[in-house]
1. Somewhere in segment 208-218, is a residue within 30 Å of Leu111 (Cα to Cα), modelled with pLDDT of 95 or more and surrounded by 12 or more Cβ atoms within 10 Å (Cβ to Cβ)?
2. Would you call Ile255 within 23 Å of Ile122 (Cβ to Cβ) and in a helix (DSSP H, G or I)?
3. For segment 1-18, enumerate the residues that are within 10 Å of the ligand (Cβ to nearest atom) and surrounded by fewer than 19 Cβ atoms within 10 Å (Cβ to Cβ).
4. Please enumerate the residues belonging to segment 175-197 that are surrounded by fewer than 17 Cβ atoms within 10 Å (Cβ to Cβ), not in a strand (DSSP E or B) and not acidic (Asp, Glu).
5. For segment 23-78, how many residues are part of a helix (DSSP H, G or I), within 18 Å of Asp142 (Cα to Cα) and near the ligand (Cβ under 9 Å from one of its atoms)?
6. Counting only residues that are farther than 15 Å from Leu184 by Cα and away from the ligand (no atom under 14 Å from the Cβ), which one in segment 107-147 is surrounded by the fewest Cβ atoms within 10 Å (Cβ to Cβ)?
7. Can you report the number of residues in segment 79-105 which are more than 10 Å from the ligand (Cβ to nearest atom) and in a loop (DSSP other than H, G, I, E, B)?
Amino acid sequence: MMKHTSELFELFNSSSKKSIKWKKYFPIYEKLFKSYKNKNITFVEIGILDGGSLEIWKKYFGKDSRIIGIDNNPKCKKFQNENYEIFIGSQSDVNFWEKFFNEVGKVDIVLDDGGHTNEQQIISLIQSVENINDGGLHIVEDAHSSYQKHYGNPYKYSFINFSKKTIDDINSTFPNIKNFNYKLNKSIYSVEFFESIVAFKIDRNLCYENILLENRGYKSNNIDATIDVLFMNFRNRFKFLYKYKIVQKIERFFIKFFYRYKSKKLKKYFK
Ligand SMILES: C[S@@+](CC[C@H](N)C(=O)[O-])C[C@H]1O[C@@H](n2cnc3c(N)ncnc32)[C@H](O)[C@@H]1O
């Protein structure tokens, strides 16, 4: 089994207060957080419990970091001191988030280690995304709750299914791909999945609709799919037919039929 020697793991073991974290999270945190160390960042953790993780984050991110803890347990207010700001409220309460960001302003990282229900994780993500600076992260840990019966899962409206939907959201910034009514693709440009952790990466500058670039006046005729070549030739020859919607519809039908027929043998990889 892999031995942990990371700085965060050391801080976890030497923390003066109790903290509970799954072992595999430490190398993932290091990977996600190392570029924010010793910077003037605002880090928010949902879920304070005994205050141990707040101590770890302050030591890890350094003296210039602003560390904020959120919990719905009023007793957690006692952890407020010169190193941490504590906010009491429920992460599934939209009004709480509105007041929170009004007071705190924009943040850089939100780590959700709170209550782990679909509602708590999804509402926290949706409410935070618009309030995270470009270059920032929203991280949800314990995402295994989306597979656990005692959270009412697996379910179509689970947190993990919402996360998978953000993949479709991101891909719909490519031209002419179906868009959803509800999307976060104006802020989230990338999602990274780990066991039990999902990391949403925020950068509005990278969320624009994609554009095909051609350098030096280069135009490619290189269409590698046989059916496309067939239809391209047909289209070139019978251009006049394409003014009829029915012809376009028939073409789409055949293309769909062809690719689906070819893809049938892939079924075994989806089981
Ligand atoms: C897993 S513990 C947090 C552990 C802590 N981050 C650590 O590393 O030691 C979960 C915490 O989330 C809090 N919590 C549960 N439901 C919540 C909610 N709806 N809003 C905010 N916090 C909640 C609990 O009171 C508890 O302190």
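1. no
2. No.
3. Ser15, Lys17, Lys18
4. Filtering segment 175-197 for residues surrounded by fewer than 17 Cβ atoms within 10 Å (Cβ to Cβ) gives 175-183, 186, 190, 192-195.
Imposing the further condition that a residue be not in a strand (DSSP E or B) reduces the set to 175-183, 186, 195.
The answer is Pro175, Asn176, Ile177, Lys178, Asn179, Phe180, Asn181, Tyr182, Lys183, Lys186.
5. 3
6. This residue is Tyr147.
7. 5
The values are calculated or read from the model by the stated rules, or taken from the named source; none is laboratory data. Note that this is a predicted model, so its numbers are computed, not measured. A quick note on method: Cβ atoms are made from the backbone with ideal geometry, for glycine too, and the neighbour counts reach across all protein chains shown.
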